[in-house]
Amino acid sequence: MKSRLLILCPGQGGQHAAMYDLARSDSHGAALLAQLTPLLPGLSEPGSLFSNRTAQPAIVASSLAMWEALRRDCPQPALVAGYSVGELTAYGVAGAFPASCTVALAARRAALMDACVAPGTPHAMLAISGRHTAALRPQLAAHGFHIAIETGEDSCIAGGPAANASAITIPGARIAPLPVEVASHTPYLQGAVEPFAKLLAQEDFGTLQVPVVGGIDAALIRNKESAVSHLSRQLAETILWSECMDACAERGITAALELGPGNALSKMLSARHPGIECRSVADFRSIEGIRAWLAQV
């Protein structure tokens, strides 16, 4: 049977100070990173790795540089899917936007999101597992929290006012705070949706070389109108990542490569669909190792 490859583009969580190193070891990846460097904030400032304004463009640049290093030796993907800001990266991988434009859009996206947080009233995001997601909604709503990302039937990410986070206690559930101060993918970000849609609409949009999986409904996106709608709406609407993974499996995906940083998406997909061979670039010590795996699958 012919392999069908999925490219996964991560969101925040796995970023680290050395996340450009593997891509930089390849001449094509290094050249793209040199081109993107003027667009990127520094990573040395304490805590900067997890601030929106730094993290979002940095993660997008890291993933796109890795794709630039690998794409010439990579089988034509059947699908591209991105988690949170990774959905923007996915359009860069698919050919909609040049890398520099994609990184610049990530920076503008981060600024619009940050502007939705009133001074002195930070948001918080929590990883919750061990309870059925549907049953959590009323308990979270009582504290002003909303489900931001559904990652499984009994696991999700929720966002809301940081001042209320410690009051959330759900018997039988495991709750862990995340290093994010903006309640992404919740109604608190509604103010960013229309401005980001306008920014996206102004950009030239290349022909998609591969469909992109839309995070809010797992639909396959093939044109600019749908892309603008999905990329802007996902700022304030729940990401149905479990449905996205299922949609990939239903389309006959046999292998998946996560571009990094991190390996959370490949692990989630492998756990949910063990029949799909899943790896992240973070699992390898060299570009040559990734290429050998791609040749095998």
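The values are calculated or read from the model by the stated rules, or taken from the named source; none is laboratory data. Everything numeric in this text was worked out from a predicted model, so none of it was measured. Cβ placement follows ideal geometry from the backbone for every residue including glycine, while neighbour counts extend to all protein chains displayed. Heavy atoms of the whole protein, side chains included, go into the accessibility calculation; ligands, DNA and RNA do not. Shrake-Rupley method; radii C 1.70, N 1.55, O 1.52, S 1.80 Å.
Things worth noting here:
- Between the range 173-238 and the range 72-133, the Cα center-to-center distance that results, in Å: 7 Å
- Amide H contacts under 5 Å for Ile239, placed H, 5+ residues apart: Ile149, Glu150
- Compared with the dominant Cα axis of the chain, that is its longest principal axis, helix 287-296 is turned about 80°.
- Note on the range 1-146: Cα Rg divided by 2.2 N^0.38 Å, N the number of residues, gives 1.19.
- Across q = 0.08, 0.09, 0.12 Å⁻¹, the chain modelled as identical point scatterers on its alpha-carbon atoms has Debye log10 I(q)/I(0) values of -0.31, -0.40, -0.73, in the order of the q list.
- Between Lys198 and Thr37, the simple spin-label model (points 7 angstrom out along Cα→Cβ) gives 3.5 nm.
- With Cα atoms as the point set, the range 35-103 shows a radius of gyration and Dmax of 12.6, 39 Å.
- Near Val297, once Lys and Arg are set to +1 and Asp and Glu to -1 for all other residues with Cβ below 9 Å from its Cβ, the sum equals 0.
- Value of relative contact order over the chain, rounded to a whole percent, pairs C-alpha under 8 Å and six or more apart: 24 percent
- Net charge in the neighbourhood of Pro10 (other residues with Cβ under 14 Å of its Cβ; Lys, Arg +1, Asp, Glu -1) is -1.
- A simple count of charges around Leu79, restricted to other residues whose Cβ falls under 12 Å of its Cβ and scoring Lys, Arg +1 and Asp, Glu -1, yields +2.
- The chain, accessible area per residue, ligands and nucleic acids excluded (1.4 Å, Å²): 41 Å²
- Based on Cα contacts under 8 Å between residues 6+ apart, the range 125-282 shows a relative contact order of 20 percent.
- Descending Cα extents along the principal axes, the range 131-212, whole Å: 49, 28, 22
- Order by protection proxy (mean Cβ within 10 Å, highest first), peptides 139-146, 285-292, 177-184, 228-235: 228-235, 177-184, 139-146, 285-292
- For the chain, the carbon plus sulfur part of the accessible surface works out to 53%, probe radius 1.4 Å.
- Taking amide H as placed 1.01 Å from N in the peptide plane, the amide H of Glu258 sits under 5 Å from that of Leu8, Arg279, Ser280, Val281, each at least 5 places away or on another chain.
- Remark: spin-label model distance Cys74-Ala30 equals 2.1 nm, labels positioned 7 Å along the Cα→Cβ axis.
- The order of Tyr83, Tyr188 by accessible area, most exposed first and with a 1.4 Å probe, is Tyr188, Tyr83.
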